[in-house]
Amino acid sequence: MSPDHKLVTVDVLDEQVLRDLFELKCVAVRVPEFYDATYSKSLADLLYQEIDSSAGAGIYESNIDSFWNVTKDAERRERYFNVALPLQRRLRRLSAPHPSPVDLLRVALDENWPGGATLMSMGGRKMPFGITRLWRTGSEGLPHQDVLHREFDDPMAHAMVGQLGVNIYLDTADEGGELETWDHTISDEEYAGMADRYPGSYGYPRDILPDEAVLIAPQPGDLVLINTACVHAIRKITTGRRITVSGFVGNLGPDLPLRCWS
Ligand SMILES: O=C(O)CCC(=O)C(=O)O
Ligand SMILES: [Fe+2]
C-alpha cells in the first residue's frame, strides 16, 4: 500500500497534528501557503539578489553553517552563535512590510504546544533558526536522518524525545526537488553498526529502504514538517532552483518548550 496516508495536510497547525508527527502516526505534515505565495516569491527574489551580489557568489548553498558543521570547530561555532539574532533581523527586514515567515512559524509552534516554543540556547547563547538554503540545478539530498544526539554529545540533545525538520518553501524548482520521506526509521542501535559508512546519518542506499515513499512537491509558501527520525531525501533538481528557510524543532516533552535551531 502506498504510504500517502502518512502525509497529513492541514490549514493550520494544532497540538494534535504536532503530537501525531512526533509519535509517527504520520511522517509529514503540509500546511499549504503557510506564508502567502506572493510574499514568498518576493522574498525569494530578494534573497537571490543578495546571494548573486555577495562576495563568493556562486558558491552559496546556505547563508550560515548548520549546527552539525560547527560542533568540532571553535571559530565556526563562535560565528554561528553570533549570527543568531542578526539572522532573525535580516529576514524581518527583507520581509517587511509583511511578517518574517520564521517569526510566524515560531509563533505557530508556541501557540500550539502546551509548553510553548523558543529558540534553542546552548551555554546561555541563542542558536540561529531558519537558515536560508539554496538548492541549485543538479543538487540533491541523499537519503538521511537528522538526529541531534548522534552528532552532538550533550545532555539537552540526549533529553530530546523527537526532532522535526521544518521547511518553508519560498521558491520551488520547475522540475525535481521533491521531498521524499519513507515511513521507515533506522534506530540508534542499527545506526551504530553502520555509522562509519554513513557519517552524519547521510547517504543511505535506497535498496535498504522500502520501495514506497511519501513524495511531496511543495508549492511556494508551503510549510512542510517531517519527523527527521524517518529517512528522507531531496530529489535531484533537474530544472530551476529552489530556496527554503529551514530548521529543526526538538521535543523535550509536552510541558517544556519546543527548541528551535538550524
Ligand atoms: O529541503 C527539504 O525539502 C528538506 C530538507 C531536510 O533534509 C530537512 O529539513 O531535514
Ligand atoms: Fe534532513
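The values are calculated or read from the model by the stated rules, or taken from the named source; none is laboratory data. Every value quoted in this text rests on a predicted model; they were computed, and no experiment measured them. All Cβ positions, even for glycine, are placed from backbone atoms using ideal geometry, and neighbour counts span all protein chains on display. For accessibility, only protein heavy atoms count, side chains too; no ligands or nucleic acids. Shrake-Rupley method; radii C 1.70, N 1.55, O 1.52, S 1.80 Å.
Please determine whether any residue of segment 204-214 is away from ligand 1 (no atom under 11 Å from the Cβ), among the charged types (D, E, K, R), modelled with pLDDT of 95 or more and within 19 Å of His149 (Cα to Cα).
Going residue by residue through segment 204-214, those that are away from ligand 1 (no atom under 11 Å from the Cβ) are 204-214.
Filter again for among the charged types (D, E, K, R), leaving 206-207, 211-212.
Now drop any that are not modelled with pLDDT of 95 or more, which leaves 206-207, 211-212.
With the extra rule that they be within 19 Å of His149 (Cα to Cα), the set shrinks to none.
Scanning segment 204-214, I find no residue that is away from ligand 1 (no atom under 11 Å from the Cβ), among the charged types (D, E, K, R), modelled with pLDDT of 95 or more and within 19 Å of His149 (Cα to Cα), so the answer is no.
Every test in (1) within 19 Å of the chain's Cα centre (by Cα); (2) away from ligand 2 (no atom under 16 Å from the Cβ) is passed by Leu148 save one, and that test is (2).
Considered as a group, the residues in segment 238-247 that are surrounded by fewer than 22 Cβ atoms within 10 Å (Cβ to Cβ) and either hydrophobic (A, V, I, L, M, F, W, C) or outside any loop (DSSP other than H, G, I, E, B) (or both) include one that is nearest to ligand 1 (Cβ to nearest atom), and that residue is Ser246. In segment 1-26, the residues that are closer than 20 Å to Phe248 by Cα form Cβ pairs under 9 Å with partners that are at pLDDT below 95, at six or more places apart or across chains, as follows: Cys26/His5.
Here Asp65 passes the criteria (1) touching a Lys or Arg at 6+ places or on another chain (Cβ under 9 Å); (2) open to solvent by 80 Å² or more (accessible area, probe 1.4 Å) except the one numbered (2).
Would you please name the residue that is surrounded by the most Cβ atoms within 10 Å (Cβ to Cβ), looking only at residues in segment 84-112 that are touching a helix residue (DSSP H, G or I) at 6+ places or on another chain (Cβ under 6 Å) and not in a helix (DSSP H, G or I)?
Filtering segment 84-112 for residues touching a helix residue (DSSP H, G or I) at 6+ places or on another chain (Cβ under 6 Å) gives 91, 94-95, 98, 100, 102, 112.
Next cut, not in a helix (DSSP H, G or I) only: 98, 100.
Working: His98: 16, Ser100: 21.
For segment 84-112, the residue satisfying everything is Ser100.
Show me the helices (runs of 4 or more DSSP H) entirely contained within segment 131-224 in which 2 or more residues are surrounded by fewer than 16 Cβ atoms within 10 Å (Cβ to Cβ) and among the acidic types (Asp, Glu).
Result: 188-192.
Set side by side, the residues Asp255, Asp222 differ, and just one is more than 11 Å from ligand 1 (Cβ to nearest atom) and either modelled with pLDDT of 95 or more or not aliphatic (A, V, I, L, M) (or both), which is Asp255.
Kindly indicate whether Leu13 is part of a helix (DSSP H, G or I), at pLDDT 95 or above and aliphatic (A, V, I, L, M).
Details: part of a helix (DSSP H, G or I): no; at pLDDT 95 or above: yes; aliphatic (A, V, I, L, M): yes.
Considered against the rule, which asks whether it is part of a helix (DSSP H, G or I), at pLDDT 95 or above and aliphatic (A, V, I, L, M), Leu13 comes out as no.
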